[in-house]
Amino acid sequence: MKVYIANDTSRYHAGSWAAMASLREKLIAKGHDITCSTLRPHGPDLKAIHECDAIIVNGEGALNNERTSWHKGRASSLLEGLKLAKQLGKKAYLINCVWQKMNPGWRNVLKSLDGLWVREICSQKEMEKTQGVKPQMYLDLSYSYKVDESKESGQFSGKDVVGTFYPRNMHRFDAFDHTHPMFTGMPRLNFGGEAERLDSIADWSYIVSSLRNANIYITGQHHGVYAASKARIPFAIFRVNTHKLEGLFKWAGVNIPIAKSRKQLEKIIKWARIHKDVYEQLFDWMEQQPVWPGI
């Protein structure tokens, strides 16, 4: 089939790049032809919908807080793109998404789709409760992207490593970043890309390989948790903007705390150092999960 991808997040940061690379690999392996993609936050492209056989909407970073989204109207426009595709007799898929605080009324669109997948159980439950549709669940596509073992990695020699934090997820008077004194002496490992206002995107294989020789990864990124999990090292996570991590941990049946303040993060860093068994339970569970099969 000729496939059009809407909400291509490959320039956002390394984790999103890995998710999109994994998607493309799976589509090509099934013999599909990717004819067009629309980069986040634009789309959907109506001309591309008319010309394709199937549209895939990558739901990453899009289908939450529909009324107050910082890209106003993006969530509804992507769903309207799926609706149009079905009206035109095309195949339509929604994949790799969070679903949170979306307006009611999308039930018919969601039920009409040829495939519907979210990344964790909170999104599944909320969609089922508010829309009457129960999606399937698969881990974020970045997790199934094969790490290139031939690439060099950073040498962190058992150190704690610090990543990126977003001020929008912090209390107004409690903002911090990787330069805060609590991270003194810790090397930094960032994901690059638009999310960090950097022109270049870090290499996902380098990130995962480098983290394998670290102690813990301290991060405010959802994909930071996925990178640490792929590397099988503990992480200390600061809150993200949706329930995607709470949903992952609930789905896996693990009780890993998420910091909502700088003080809590300091405590969770200490907690992570002594509860490696909890993380091992998560890592084992993730490795046992089936991989998204493609379309």
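The values are calculated or read from the model by the stated rules, or taken from the named source; none is laboratory data. None of the values given here were measured: they were computed from a predicted structure. Cβ: placed from backbone, ideal geometry, glycine included. Neighbour counts: every protein chain shown.
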Looking at the range 209-222, which of its residues are within 21 Å of HIS180 (Cβ to Cβ) and not hydroxyl-bearing (Ser, Thr, Tyr)?
-> LEU211, ALA214, ASN215, ILE216, ILE218, GLY220, GLN221, HIS222
Is at least one residue of the range 201-220 farther than 29 Å from ASP277 by Cβ and in contact with a strand residue (DSSP E or B) (Cβ under 7 Å, 6 or more places away or on another chain)?
-> yes
Give the residue that is surrounded by the most Cβ atoms within 10 Å (Cβ to Cβ), with candidates limited to residues of the range 126-135 that are touching a residue at least 12 places away in the same chain (Cβ under 8 Å) and in contact with a helix residue (DSSP H, G or I) (Cβ under 8 Å, 6 or more places away or on another chain).
-> MET127
Please state which one of LYS146, LYS125, LYS134, LYS159 is on the phi < 0 side of the Ramachandran plot, among the basic types (Lys, Arg) and not in a loop (DSSP other than H, G, I, E, B).
-> LYS125
3 or more residues over 19 Å from VAL98 (Cα atoms) and without any contact (Cβ under 8 Å) to a residue 40 or more places away in the chain: qualifying helices (runs of 4 or more DSSP H) within the range 185-295 = 262-274, 276-288
Does any residue of the range 258-281 turn out to be buried (at least 20 other Cβ atoms within 10 Å of the Cβ), assigned by TED's automatic domain parsing to the domain that holds SER205 and under 18 Å from the mean Cα position of the chain (by Cα)?
-> no
Is the range 156-177 home to any residue that is closer than 21 Å to VAL291 by Cβ, in the same structural domain as GLN281 (by TED's automatic domain parsing) and of a type in the set (Phe, Trp, Tyr)?
-> no
Of the listed residues (SER209, SER229), the one being polar (S, T, N, Q) and crowded, with 24+ Cβ neighbours inside 10 Å is SER229
